[in-house]
Amino acid sequence: MTPPLLLVDGHNLLWRSWYGFPARITSRDKTRDLTGVFGFFALLRVAVRELDLPPEIVVVFDGENAWGDRTAVDQDYKAHRPTDPEAMAPIRALADVERGLDLLDVSRLCFDTAEADDLIASLVQACRRATPRRQVWIMSGDRDFYQLLDRRTRILNTARKPGHRAIVPTEITARYGVRPDQWCDRTSLVGDPSDGIRGVHGVGTVTAARLLAGGLTIEDLPSSGRLTGRIGDRVRDALPDALRWRSMIRLRPDHPLPGGLVERRPSPQLPTAAIIVEALGLW
């Protein structure tokens, strides 16, 4: 049986690891903060243990110049995110995390000019073509991945309580009133402050669901008869912006991928985070 494919949003997990523990984890001599690397492997192990079968794991990271294409379209894209040394502190753990993944023989992927989101979308698309019946899990707290959900593709969010960590298409429809394939249209209307997407003033989840009901897209709205009143005027006026925002929200599933990255066999079993940190000589 082909094992499930677990695609890990590496930077998302790294930030969660750095900030998600109640106390700092340090080396025995208290000179090194190991929270990032310890937390990364501890949470990754939690994710693996959530699945019914041992998965094949691919950890995907953002490139250093990953945002260039989208900031060329809109300079507000992620422009609000702080870049001072303290805000970027989780990056201190990246080199040790990469060493740990290599030690464990867990695949990792990064391209200088590519966002991890687009690489993960490309891996999902490649898997759908090559092994359409294979179960794919995306480990991330990033809602942009909702657009990829289908019968075989699910999201695993270990920040949720046990028993509620799997996110499936029906949850998106029940909670937001749209299908996964409408997620980008919905977000371009509502906005996403985490990515610098302003959205249309006055449009929230309920209004967006009403406008997009029945599978409509942004292009359908002017002729839908639904753009009435002040909100309708605002949406009509903002349509060019909404189309631009949607183009940034949409993941790009066509990035070239290295051959042999996905082997259709389970990754080696993960030891505890403490054992990995010890093997790296960090304690």
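Details
- Tally of residues being in contact with a helix residue (DSSP H, G or I) (Cβ under 8 Å, 6 or more places away or on another chain), surrounded by fewer than 17 Cβ atoms within 10 Å (Cβ to Cβ) and of a type outside the set (D, E, K, R) across region 240-252: 2
- The single condition among (1) crowded, with 18+ Cβ neighbours inside 10 Å; (2) at pLDDT 95 or above; (3) within 14 Å of residue 40 (Cα to Cα) that residue 95 does not satisfy is (1).
- Qualifying residue in region 52-75 (condition: in the same structural domain as residue 110 (by TED's automatic domain parsing), closer than 19 Å to residue 117 by Cα, of a type in the set (S, T, N, Q) and in a helix (DSSP H, G or I)): yes
- Filtered by the rule that a residue be in contact (Cβ under 8 Å) with a residue 60 or more places away in the chain and part of a helix (DSSP H, G or I), region 240-282 gives 244, 245, 246, 247, 248, 249, 273, 274, 276, 277, 279.
Condition check ((1) in contact with a Lys or Arg (Cβ under 8 Å, 6 or more places away or on another chain); (2) touching a residue at least 24 places away in the same chain (Cβ under 8 Å)) across all residues:
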{"site": "182", "(1), (2)": "no, yes"}
{"site": "200", "(1), (2)": "yes, yes"}
{"site": "208", "(1), (2)": "yes, yes"}
{"site": "215", "(1), (2)": "yes, yes"}
{"site": "229", "(1), (2)": "no, no"}
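- Any hit, region 136-149, residues being more than 17 Å from the chain's Cα centre (by Cα), surrounded by 21 or more Cβ atoms within 10 Å (Cβ to Cβ) and not in a helix (DSSP H, G or I): no
The values are calculated or read from the model by the stated rules, or taken from the named source; none is laboratory data. No experiment lies behind these values; they were computed from the predicted model shown. Cβ coordinates were reconstructed from backbone atoms using ideal geometry, including for glycine residues, and neighbour counts include every protein chain displayed.
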